[in-house]
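Just below is one structure, and these are the notes that go with it.
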Amino acid sequence: MLYVGIDLAETEPHRASILNDAKVLKELKIEPTAQGLASLLHAIATYEPDKPQVLIAVERPDGPFVGELLQAGGIHDLSHQPQGPGAIPRALHSGWYQ
């Protein structure tokens, strides 16, 4: 299982952490554009090409970036964990998903 945490920002690039068994594989900044989403999906597929094996947690369930992420298809779960700025990567690092 691959875990992805995404912090959505309003005035700066979004941030994502990609983890496997609580080990950080990659952290990246994502522009809130179609190209940014494509870059994120490519990074995810690099570590786990089987989309049903990817668990994505997003800071909030709304907005065009989240909508585009859902439309990309094959996402196993899209969880909502609102805990303030930087909460999703911190939660993933702490192993909240286990």
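The values are calculated or read from the model by the stated rules, or taken from the named source; none is laboratory data. These numbers come from a predicted model, not from an experiment. Here the Cβ positions follow ideal geometry from the backbone for every residue, glycine too, while neighbour counts run over all protein chains shown. Each accessible area value is taken on the protein alone, full model and side chains, heavy atoms only, with ligands, DNA and RNA left out. Shrake-Rupley method; radii C 1.70, N 1.55, O 1.52, S 1.80 Å.
Table for the structure above
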| quantity | calculated |
| --- | --- |
| Pairs where the first residue, in the stretch 62-81, is more than 21 Å from E12 (Cβ to Cβ) and at pLDDT 70 or above and the second is not small (G, A, S) and not in a strand (DSSP E or B), C-beta under 8 Å, 6+ apart | A72/L37; A72/L41 |
| Residue match in the stretch 7-16 (condition: more than 13 Å from A72 (Cα to Cα), open to solvent by 50 Å² or more (accessible area, probe 1.4 Å) and not in a loop (DSSP other than H, G, I, E, B)) | yes |
| Every residue from the stretch 34-58 that is closer than 19 Å to A9 by Cβ, open to solvent by 30 Å² or more (accessible area, probe 1.4 Å) and touching a helix residue (DSSP H, G or I) at 6+ places or on another chain (Cβ under 9 Å) | A34, L41 |
